[in-house]
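Colleague: The structure is given below, and queries will be raised subsequently.
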Protein chains: 2
Amino acid sequence: MPIAAVDTPALILDLDRMNRNIERMAQLTRRHGVALRPHAKSHKSAEIGRRQVNAGAIGLCCQKVSEAEAMVDAGISDVFIANEIVGAAKLRRLAELARRAAITATVDTAAGVAALAHAAANAGTVISTVVEIDTGDARAGVVPGMPAALIARDIAASDHLRFMGLQAYKGGVEHVVRYADRQLQFAEVVAHVRATLEALRPFGLKCLVVTGGGTGTSSIAAASGVFTELQPGTYIFMDGNYAALMGSERQEPLDFEASLLLLTTVMSRGAANRAMVDAGTKAVSTDAGMPIVYGRPDIRYVRGDDEHGRLALSGEASELLLGEKLLLQPSNCDPTVNLHDWYVVVQGDTVVAVWPVTARGAFF
Amino acid sequence: MPIAAVDTPALILDLDRMNRNIERMAQLTRRHGVALRPHAKSHKSAEIGRRQVNAGAIGLCCQKVSEAEAMVDAGISDVFIANEIVGAAKLRRLAELARRAAITATVDTAAGVAALAHAAANAGTVISTVVEIDTGDARAGVVPGMPAALIARDIAASDHLRFMGLQAYKGGVEHVVRYADRQLQFAEVVAHVRATLEALRPFGLKCLVVTGGGTGTSSIAAASGVFTELQPGTYIFMDGNYAALMGSERQEPLDFEASLLLLTTVMSRGAANRAMVDAGTKAVSTDAGMPIVYGRPDIRYVRGDDEHGRLALSGEASELLLGEKLLLQPSNCDPTVNLHDWYVVVQGDTVVAVWPVTARGAFF
């Protein structure tokens, strides 16, 4: 079946490009001697996760317990939940999951440690645990240095938790436009990690894992000397927001290919300078910016309504036909994938498989 | 089971408030002698759709063929697809659906008429069809007046289509803040309809249906004298963007209650003035603005990350506890509902049912 026959809107995954992305990130981490633990929140796919592990990843990251359950059910044996899990119901599920796979949890408060230890005790298990430090992103994490070390000590003191190390992730630095600026800002993250390692020393606590680094900082984190493990997600697809960074740096740091596009159909031609497609905000996320009309600089996606995408046309695009199909590159892949039930996997122009979005909607 | 025991993030649907909204819109349309055809794109729920029909609605609107299929499968016998359907695969499905339910389709081009007639002929059926006119929204629709009348004539000339009337919907007017301004802008929509009715006269084509009007213009469209049918969706839930209009007009026009809220849990307390909840853009749409923290003016939802919502705290909110639950009112219900698999239905503080989001992800 050719791509042109696929009904829309549909996620089109280019298998060869994706496989090259998998291989490139595996090479990058091998070269620097750090472990690779790709983030499954981007793809939510058991099939893709297995391919990442087969290419050398030590396991996967997930954000949610239900996402981790879906990956373990699919045969992934080592999952790090890179997000604080709060609430008795979720902690019970997390502890049960730790009985059937290698699960690592994240905490950033003493109360979080106590609740996690309680759930582990109830399930009769021991849960590997990292402390998340605040990297200045004003999101999650405890203050680096002594406050973080005190939480690590609490973990180590529990019979049902095993202190593994630190998470230091700073989303805000991933999309800084200039590579040199990204390096500079990431140096602060490294300084926070070092301060915390320093604070841990008097307690005699060994940090086996320092995890962090996304697609935009993968080569920086790999070369930092303090990170033992990277957790990039988007490199598998490369979305519009990362693609925008690539113009200024055609070297190693972001040498990944756009493997995920959204096929959409022109469903209305109102005037010479505008058209509508059948992919609105229920099919493509616009929270982080409008999608790019792939390979068509003469067409701009200017607004997403719930069910409609509005296009502004210029030049040749004024000849766009009703029923014509276009490809969109989402600004942000993660929430876009979460809107879909499957990937249409292609090689060249031919559909070769359909893969479910295994953990779609898994936000518990 | 009390609401407090529901795991998060979860859509909480207040049954009594929703039932009052259903009754109020039914009353409004009855009073004006117009038909009510609520838009199912907002709730995507067979259970809610059946309640709307039981309260007097003549059927439902849907935006997509797959959404209509889900509603027909659930026992709704009359569905208007208020959106141009383009592409052979979808038209085939539409024509098949018209063999087992009363289906009305929408077109805005001569090519659209030909393709729809072809699909109807292949399925051996006759499809009721309306012409969508461009109301100045720069979205879909043919130019009102003679261009619209020519398309109506094409429909009437087909053995496999039945000309029913016009759709005139203008999304842009629904959220105009002042009611008087909304009335003024809606008068233009009415003028476009009148011009088209005038143009139809020489062709001897009778317009049985003039459909349009959303939640924000329901009372205006009902009183217009030209609309025979209203298609409001959001009144069932009332989202934050509509709620924002209500301050200035506590009279009939938007006398609906917030029946749909999103329960979320505080998952991190970074500093006195901030917190994080477990509902990010994969659980609540932020395309049309941030959600409101319901009943808590001391807390603002300032940003949605993929998995996290960032809160800014003031006053008493600085005492917010890890694990505490909050209710969010989405800015836009439709894409938010589409992120969820079910509604947790409550009366007072008690969970009384769980309803599936029947047509979640139905974007074909």
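None of the figures in this text is laboratory data; all of them are computed from the coordinates on show. The shown structure was predicted, so the numbers you read here are calculated from the model rather than taken from an experiment. Positions of Cβ are generated from backbone atoms using ideal geometry, with glycine treated the same way; all protein chains shown enter the neighbour counts.
Colleague: From Cα pairs below 8 angstrom and at least 6 apart in sequence, can you work out the relative contact order of chain B, rounded to a whole percent? Numbers along the way, then the final one.
Modeller: Values: 809 pairs, mean separation 76.7, N = 364.
Value for chain B: 21 percent.
Colleague: For peptide A:1-9, compute the average count of partner chain beta-carbon atoms within 10 Å of each residue's beta-carbon. Walk me through the numbers on the way to the answer.
Modeller: Working: counts 0, 0, 0, 0, 2, 1, 8, 6, 2.
For this peptide, the per-residue mean of nearby foreign Cβ atoms is 2.
Colleague: Calculate log10 I(q)/I(0) of the range B:281-344 for q = 0.15, 0.20, 0.21 Å⁻¹, where I(q) comes from the Debye formula with a single equal point scatterer on each Cα and nothing for solvent.
Modeller: Scattering profile of the range B:281-344, log10 relative to I(0): -0.47, -0.81, -0.88.
Colleague: Out of all DSSP beta bridges in chain B, what portion is antiparallel? Express it as a percent rounded to 5.
Modeller: Numbers: 29 of 59 bridges.
Looking only at bridges with both residues in chain B, the antiparallel portion is about 50 percent.
Colleague: Quick check: from the Cα gyration tensor, does the range A:181-267 come out rounded (a/c under 1.5), prolate or oblate? Don't skip to the answer; put the middle values down first.
Modeller: Working: a/c = 3.49, a/b = 2.41, b/c = 1.45.
The shape class here is prolate.
Colleague: Once you sort the root eigenvalues of the Cα gyration tensor of the range B:30-140 as a ≥ b ≥ c, which label holds: rounded (a/c under 1.5), prolate (a/b larger than b/c) or oblate (the other case)? Show your work: numbers first, answer last.
Modeller: On the way: a/c = 1.91, a/b = 1.32, b/c = 1.45.
Oblate, because a/c is 1.5 or more while a/b does not exceed b/c.
Colleague: If packing is taken as the average count of other Cβ atoms within 10 Å, what order do A:174-182, B:167-175, B:280-288, A:87-95 fall into, highest mean first?
Modeller: Going from most to least packed, we get B:280-288, B:167-175, A:87-95, A:174-182.
Colleague: How would you classify the range A:90-154 from its alpha-carbon gyration tensor, with a ≥ b ≥ c the square roots of the eigenvalues: rounded for a/c under 1.5, else prolate if a/b is greater than b/c, otherwise oblate? Could the numbers behind the result be given before it?
Modeller: Numbers: a/c = 2.50, a/b = 2.01, b/c = 1.24.
In terms of gyration-tensor shape, prolate.
Colleague: Along the positive direction of the dipole of the protein assembly as shown (beta-carbon charges: Lys, Arg +1; Asp, Glu -1; about the Cα centre), which of B:62, B:331, A:258 reaches farthest?
Modeller: B:62
Colleague: Which part of the range A:61-76 falls in the paramagnetic zone of residue A:96, meaning amide N under 16 Å from the point 7 Å along Cα-to-beta-carbon?
Modeller: A:65-74
Colleague: Calculate the mean, over all residues of peptide B:104-116, of how many other protein chain Cβ atoms lie within 10 angstrom of the residue's Cβ. The partial results should precede the final answer.
Modeller: Numbers: counts 0, 0, 0, 0, 6, 4, 0, 4, 5, 0, 0, 2, 0.
The per-residue average across the peptide is 2.
Colleague: Based on DSSP H runs of at least 4 residues, each adding -39500 (n - 2.57), what is the mean residue ellipticity at 222 nm of the protein assembly as shown after dividing by all its residues, to the nearest 500 deg cm²/dmol? Spell out each step's value before the answer.
Modeller: On the way: 22 runs with 231 residues, N = 728.
After summing the helix terms and dividing by residue count, I get -9500 deg cm²/dmol.
Colleague: Just to confirm my numbers, what's the Cα centroid distance between the range A:176-194 and the range B:166-238 in Å?
Modeller: 55 Å
Colleague: Just tell me how shielded B:254-267 is by partners: mean number of partner chain Cβ atoms within 10 Å of each residue's Cβ, no decimals.
Modeller: Numbers: counts 0, 0, 0, 0, 0, 0, 0, 0, 0, 0, 0, 3, 2, 9.
Averaged over the peptide's residues, the number is 1.
Colleague: Can you give the Rg/Rh ratio of the protein assembly as shown, where Rg is from the C-alpha atoms and Rh is the Kirkwood radius?
Modeller: On the way: Rg = 26.8 Å, Rh = 26.9 Å.
Looking at the protein assembly as shown, the ratio lands at 1.00.
Colleague: Separation of the range A:330-364 and the range B:76-124 by C-alpha centroid, Å?
Modeller: 28 Å
Colleague: Any idea what % of Cα-Cα pairs in chain B are farther than 33 Å?
Modeller: Numbers: 21315 of 66066 pairs.
Looking at chain B, the distances longer than 33 Å represent 32 percent of pairs.
Colleague: Starting with the fewest neighbours, write out A:227, B:203 ranked by other beta-carbon atoms found within 10 Å of each beta-carbon. Intermediate results must be reported in sequence, preceding the final value.
Modeller: Details: A:227 28, B:203 14.
Least to most surrounded, the residues fall as B:203, A:227.
Colleague: In debye, nearest 20: dipole of the range B:306-364 around its Cα centre with unit charges on the Cβ of K, R (+) and D, E (-)?
Modeller: Working: 3 positive and 8 negative charges, 40 e Å.
Result for the range B:306-364 is approximately 200 debye, rounded to the nearest 20.
Colleague: May I pose another question? Starting from one equal scatterer on each C-alpha and no solvent at all, send me the Debye-based log10 I(q)/I(0) for the range A:167-224 at q = 0.27 Å⁻¹, two decimals.
Modeller: Once normalised to I(0) and log-transformed, intensities are -1.09.
Colleague: Just want the answer: with Cβ charges of +1 for Lys and Arg and -1 for Asp and Glu, which residue in B:109, B:26, A:91 is farthest toward the dipole's positive end in the protein assembly as shown?
Modeller: A:91
Colleague: Further, regarding this structure: Roughly what % of DSSP beta bridges within the range B:159-281 run antiparallel, to the nearest 5? Spell out each step's value before the answer.
Modeller: Values: 3 of 8 bridges.
For the range B:159-281, the DSSP antiparallel bridge percentage is about 40.
Colleague: Can you give me the long-range amide H partners of residue B:346? Hydrogens built in the peptide plane at 1.01 Å from N, cutoff under 5 Å, separation of 5 or more residues or another chain.
Modeller: Result for residue B:346 returns B:13, B:14, B:15, B:352.
Colleague: In angstroms, what radius of gyration and Dmax does the range B:120-226 have, counting Cα atoms only?
Modeller: Considering the range B:120-226 through its Cα atoms, Rg and Dmax are 14.7, 49 Å.
Colleague: Using 0.36 nm times the number of residues separating residue A:121 and residue A:246, minus their current alpha carbon distance, what extension gain do you get?
Modeller: Numbers: separation 125, 0.36 × 125 = 45.00 nm, distance 4.79 nm.
Between residue A:121 and residue A:246, full extension yields an extra 40.2 nm.
Colleague: List the aspartates and glutamates whose alpha-carbon lies under 13 Å from that of residue B:41, not counting same-chain residues fewer than 8 positions away?
Modeller: Excluding near neighbours in sequence, the set is A:305, A:306, A:307, B:67, B:69, B:334.
Colleague: For the range B:211-356, just the Cα set please: Rg and Dmax, both in angstrom.
Modeller: In order Rg, Dmax, the Cα atoms of the range B:211-356 give 17.1, 57 Å.
Colleague: Considering only DSSP beta bridges whose two residues both sit in the protein assembly as shown, what percent are antiparallel, to the nearest 5? List each step's numbers first, then the result.
Modeller: On the way: 58 of 118 bridges.
Of all bridge pairs located within the protein assembly as shown, approximately 50 percent are antiparallel.
Colleague: Right, another one. Between residue A:175 and residue B:73, what is the label-point separation in nm under the 7 Å Cα-to-beta-carbon projection?
Modeller: About 3.6 nm separates the two model spin labels.
Colleague: Next up: What is the spin-label model distance, in nm, from residue B:111 to residue A:354 if the labels are put 7 Å beyond Cα along the C-beta direction?
Modeller: Computed distance between label sites residue B:111 and residue A:354 equals 2.7 nm.
Colleague: Report, in whole Å, the centroid distance computed from the Cα atoms of the range A:267-300 and the range B:275-291.
Modeller: 23 Å
Colleague: Quick check for me: using +1 on Lys/Arg Cβ and -1 on Asp/Glu Cβ, what's the dipole size of the protein assembly as shown about its Cα centre, in debye to the nearest 20?
Modeller: Values: 70 positive and 78 negative charges, 70 e Å.
So the magnitude is around 340 debye.
Colleague: Size of the dipole of the range B:63-104 about the Cα centre, Lys and Arg at +1 and Asp and Glu at -1 on the beta carbon, nothing else charged, in debye to 20? Don't skip to the end; give the middle numbers.
Modeller: Details: 6 positive and 6 negative charges, 36 e Å.
That gives a dipole near 180 debye.
Colleague: Next up: How big is D, in µm² s⁻¹, for the range A:273-318 by Stokes-Einstein at 10 °C and 1.306 mPa s if Rh is the Kirkwood radius over C-alpha pairs? Can you show the working numbers first?
Modeller: Working: Rh = 10.5 Å.
Rounded to a whole number, D works out at 151 µm²/s.
Colleague: Please report B:42, B:219 as a ranked list, fewest other C-beta atoms within 10 angstrom at the top and most at the bottom. Each step should come with its number before you reach the end.
Modeller: Working: B:42 27, B:219 23.
Lowest count first: B:219, B:42.
Colleague: Quick one: which of A:170/B:64; B:64/B:282; B:64/B:325 span more than 32 angstrom between C-alpha atoms?
Modeller: Working: A:170/B:64 40 Å; B:64/B:282 22 Å; B:64/B:325 35 Å.
The pairs that break the limit, which is 32 Å between Cα atoms, are A:170/B:64; B:64/B:325.
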